[in-house]
Amino acid sequence: MNVNILYLYPDFMSLYGDNGNVRILTKRLIDQGFEVSVTRRTITDKDIGFEDVDFVYMGSGYESNRNLAAKHLAQFKDALIKAIDDGVPMLFTGNSYDILGKGITSPDGSLTEGLGIFNFTFKEQLEKRYTGDVILADKQTGDRYVGFVNRAGVPDADEDLVFDAIKVIGNIPVKKDSVRRNNLLGISLIGPVLLKNPKLADNFVETICRRKGQEYKAVEYPHSIKSHAKTLKALLETDG
C-alpha cells in the first residue's frame with residue numbers, strides 16, 4: 001500500500017535540517033509496511049494538488065522565502081483547507097506556521113497575507129531574533145516536546161495556540177505555541193522536530209495508518225527515545 005507525502009517548498013523552506021522530518025517519517029512508514037512516495041512542489045509549480053495526499057509537510061526558511069511561499073500557496077488555499085477539514089495529517093514547522101494565520105507584518109509595516117486558517121497575525125521586528133531552547137506541553141495529552149526556536153517575531157494573539165511553553169531558555173517572549181486543526185499541527189520547533197520528539201512522529205504514523213485502514217504496529221526507536229529523554233532532562237535542569 002502506498003503513502004504519498006506532499007513536501008511543500010523543499011528548496012525554499014528547509015533550514016535547520018528540517019528536511020529530516022520527511023526522511024524520518026518515510027522510514028517509520030516503511031517500517032509499517034508502506035511504500036512511500038514523496039511529491040515535491042515549489043513556487044515554480046502552477047498547480048499544487050491535495051487529492052490522494054496522505055501527509056503534507058512544510059519546513060522553516062528565511063523570512064523572505066516564507067513570504068514568497070505564502071503568496072504562492074494562497075492560490076491553492078481552498079484545496080488546502082478542504083484537505084485539512086478532511087483530516088489529512090499535516091506538519092508545518094518553524095516559521096512556516098506563520099502563514100496559517102491572517103497575515104505576517106514585516107518590520108517595515110508591510111503585510112503578507114496569510115491563509116486565514118487561524119486568527120493571529122504574526123508580527124516581526126528587526127532589533128533582535130528570538131532564539132532558545134523550549135519545552136512545550138500539549139494541553140490535551142500532557143505530552144512534552146523539546147526543540148530549538150529561532151524566530152523574527154511572535155503572534156499577536158494566543159487564543160488559537162494549543163501548547164504551553166513550560167520552559168524557555170533564551171529570549172523568546174511566549175507562554176504558548178503551536179496551532180492545531182483536525183490533524184494539522186503547526187509548531188515553532190526546528191531541528192528536525194520529529195527526531196527528538198518520537199511521540200509526535202508516532203502520532204502522525206498512527207493517524208496515517210488509521211486513515212489507510214491498516215493496523216499500527218508499535219516499533220521502538222531507542223536512539224530517538226534516548227535523545228528526547230536526555231534533552232528534556234537537561235532543559236528541565238537548566239536555569240531559564
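The values are calculated or read from the model by the stated rules, or taken from the named source; none is laboratory data. Just so you know, these numbers come straight off a predicted model, no measurement behind them. Glycine gets a Cβ as well: all are built from the backbone with ideal geometry, and neighbour counts include every protein chain shown.
Brief remarks on what is shown
- Under the condition of being crowded, with 20+ Cβ neighbours inside 10 Å, out of contact with any Leu (no Cβ under 7 Å at 6 or more places or on another chain) and without any contact (Cβ under 8 Å) to a residue 60 or more places away in the chain, the residues counted in segment 6-18 number 3.
- Evaluating Leu111 against the criteria (1) in contact with a strand residue (DSSP E or B) (Cβ under 6 Å, 6 or more places away or on another chain); (2) surrounded by fewer than 19 Cβ atoms within 10 Å (Cβ to Cβ); (3) in contact (Cβ under 8 Å) with a residue 12 or more places away in the chain leaves one unmet condition, (3).
- Verdict on Ile117 being more than 18 Å from Ser60 (Cα to Cα), part of a strand (DSSP E or B) and either among the small types (Gly, Ala, Ser) or modelled with pLDDT of 95 or more (or both): no
- For segment 124-131, the count of residues that are more than 23 Å from Val56 (Cβ to Cβ), of a type in the set (Phe, Trp, Tyr) and touching a strand residue (DSSP E or B) at 6+ places or on another chain (Cβ under 7 Å) is nonzero.
- Tally of residues being within 15 Å of the chain's Cα centre (by Cα) and either of a type outside the set (Lys, Arg) or surrounded by fewer than 18 Cβ atoms within 10 Å (Cβ to Cβ) (or both) across segment 145-159: 6
- Residue that is surrounded by the fewest Cβ atoms within 10 Å (Cβ to Cβ), among those in segment 19-48 that are farther than 30 Å from Glu215 by Cβ and in contact with a Pro (Cβ under 9 Å, 6 or more places away or on another chain): Thr42
- Of the candidates Arg210, Arg181, the single residue that is within 28 Å of Asp52 (Cβ to Cβ), under 19 Å from the mean Cα position of the chain (by Cα) and at pLDDT 95 or above is Arg181.
- Set side by side, the residues Arg129, Arg210 differ, and just one is charged (D, E, K, R), free of Cβ contacts under 8 Å to residues at least 24 places away in the same chain and under 20 Å from Ser14 (Cα atoms), which is Arg129.
- Residues of segment 84-101 that are of a type in the set (Gly, Ala, Ser) and in contact with a strand residue (DSSP E or B) (Cβ under 7 Å, 6 or more places away or on another chain): Gly94, Ser96, Gly101.
- Extreme residue, surrounded by the fewest Cβ atoms within 10 Å (Cβ to Cβ), among residues of segment 120-134 that are assigned to a loop (DSSP other than H, G, I, E, B) and among the basic types (Lys, Arg): Lys128
- Scope segment 20-36; condition among the polar types (S, T, N, Q) and either assigned to a helix (DSSP H, G or I) or farther than 18 Å from Val53 by Cβ (or both); matching residues: Asn21, Thr26
- Contact map, segment 39-67: first residue more than 30 Å from Arg129 (Cα to Cα), second residue among the aromatic types (Phe, Trp, Tyr) and surrounded by 13 or more Cβ atoms within 10 Å (Cβ to Cβ), Cβ cut-off under 6 Å, separation 6 or more or different chains; pairs are Ile48/Phe76.
- As a summary of the residue check, Ala83 satisfies the conditions (1) on the phi < 0 side of the Ramachandran plot; (2) of a type outside the set (D, E, K, R); (3) crowded, with 18+ Cβ neighbours inside 10 Å; (4) in contact (Cβ under 8 Å) with a residue 40 or more places away in the chain except for the one numbered (4).
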